[in-house]
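Undergrad: Questions regarding the structure given below will be posed in turn.
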Amino acid sequence: MTLTLKVDVDTYDGMRDGVPNLLDLFSSLKIRASFFVPFGPDESGKAIFRVFKKKGFVGKMFRTNALKLYGIKTMLRGTLLPAPPIGGSFPDLARRITDEGHELGIHGYNHVFWQDHLNEMSDEAVQAEIGRAVSSFETALRRRPQSFAAPAWLCTPHSLAANDAQNFDYASDTRGQSPFFPVMNGHTYRTLQIPSTLPTLDELLGLDGLTPQNVGAHLDRVMNNRKLEHEVHSVHTEVEGTALFDSFSKWIRSRYETGTAFVTLSEIAAKEKSHAASVPHCEVKLQTIPGRAGPVACQIV
């Protein structure tokens, strides 16, 4: 079994505090991960308006103790507090990610705006949103990004077309079981999708007696029972990188010590593209999954 750690940065504080913690952990174990950073403003405070739009949002906030996980400043950014840029505020830290051997892609431009308004956005609006992220990435890194991970695992035909237009090596916009070429509304897109395969900590905590102390053992059971060739686990710098860093680091160390091989998403993409003719074409549909408020884009197999 191989495991990819797909590290999503969602907030200014997650970039500032969580990324260094995770980089230090990965360096100590000599493992590489795949990081994805938004390069636009942190408007996390506007997520409060999901109370009126997303079923289960309030319940998830209480179940996961969101105030403790994310902190009061993050929950006010973009409303009562300013909305600083996330990736653009820390260009040296973005470069540190790649200097230490990890890969770095874009996690959209404005994470909250994408999550709340993608379904309403035209083709031109989606292209412009991703274009802003690409331009900001180029300013910070002096090169083009090679990969994209959609905020909140949300995609539409417009966003999949934008991935193709940007010629990304791959995208990780979906939840599923294995790499595939996405199909929506009867159209097949050429940007390889590498889905997240495992539930996230914020989806699991508080369900069926799961706590920060035992959630790692639960993930071990999930992986051992289904024995996929490769697992992709999405972690968040605000959760695993900060508030729950101790429990996450213990789990990662245990996986490392028992022989798990850690690979990046770009390594998976290269392997899959070497036999692209045999990579399946799978439909993508928005579906609800346990522990998450609102639907996400799922691979239909």
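Undergrad: Would you mind working out the accessible area per residue for the chain, using a 1.4 Å probe, and quoting it in Å²?
TA: Spelled out: the 1.4 Å probe surface of the chain, per residue, equals 42 Å².
Undergrad: Next question. Straight-line reach from Lys250: which aspartates and glutamates have a Cα under 18 Å away, not including same-chain ones fewer than 8 places off?
TA: Asp24, Asp202, Asp220, Glu238, Glu240
Undergrad: Take the alpha carbon atoms of the chain, find their radius of gyration, then divide it by 2.2 N^0.38 Å using N residues; give the quotient.
TA: 0.92
Undergrad: Which is farthest toward the positive dipole end of segment 62-143 among Met75, Leu118, Ser136, measuring Cα position about the Cα centre, with Cβ charges +1 (Lys, Arg) and -1 (Asp, Glu)?
TA: Met75
Undergrad: I'd like the antiparallel share, as a percent to the nearest 5, of DSSP beta bridges with both residues in the chain. Write down the numbers at each step before the final one.
TA: Numbers: 9 of 35 bridges.
That works out to approximately 25 percent antiparallel.
Undergrad: Quick one: ranking Glu43, Glu203 by accessible area, 1.4 Å probe, largest first, what do you get?
TA: My answer, sorted largest first, is Glu43, Glu203.
Undergrad: Over segment 249-300, with a single point scatterer placed on each C-alpha, what log10 of the ratio I(q)/I(0) does the Debye formula yield at q = 0.14, 0.15 1/Å?
TA: -0.72, -0.79
Undergrad: List the residues, sorted by chain then number, that are 5 or more residues from Asp42 or on another chain and whose placed amide H is less than 5 Å from its amide H.
TA: HN-HN under 5 Å from Asp42: Ile86.
Undergrad: Any of Lys6/Lys73; Lys30/Lys285; Lys46/Lys227 with alpha carbons more than 32 Å apart? Name them for me. Before the final figure, lay out the partial values.
TA: Details: Lys6/Lys73 25 Å; Lys30/Lys285 37 Å; Lys46/Lys227 39 Å.
Check vs 32 Å cut-off fails for Lys30/Lys285; Lys46/Lys227.
Undergrad: What does the highest-first list of 247-260, 96-109, 78-91, 208-221 look like by mean Cβ count within 10 Å?
TA: 96-109, 78-91, 247-260, 208-221
Undergrad: Name the long-range amide H neighbours of Gly108: under 5 Å, sequence gap of 5 or more, or other chain; modelled H, no Pro or chain starts.
TA: For Gly108, whose amide H was placed from the backbone, the distant partners under 5 Å are Ala149.
Undergrad: Continuing with the same structure: Please list, in chain and number order, the residues 5+ apart from Val235 or on another chain whose amide H is under 5 Å from its amide H, with Hs placed from the backbone.
TA: When sequence neighbours closer than 5 places are left aside, the close amide H contacts are Lys6, Val7, Asp8.
Undergrad: Using a 1.4 Å probe on the protein heavy atoms, what percent of the accessible area of the chain belongs to carbon and sulfur?
TA: So the carbon and sulfur contribution to the accessible surface is 54 percent.
The values are calculated or read from the model by the stated rules, or taken from the named source; none is laboratory data. The structure displayed is predicted, hence computed values, not measured ones. Ideal geometry is used to build each Cβ from the backbone, glycine not excepted, and the neighbour counts take in all protein chains shown. In case anyone asks, the SASA skips ligands and DNA or RNA and just uses the protein heavy atoms, side chains included. Shrake-Rupley method; radii C 1.70, N 1.55, O 1.52, S 1.80 Å.
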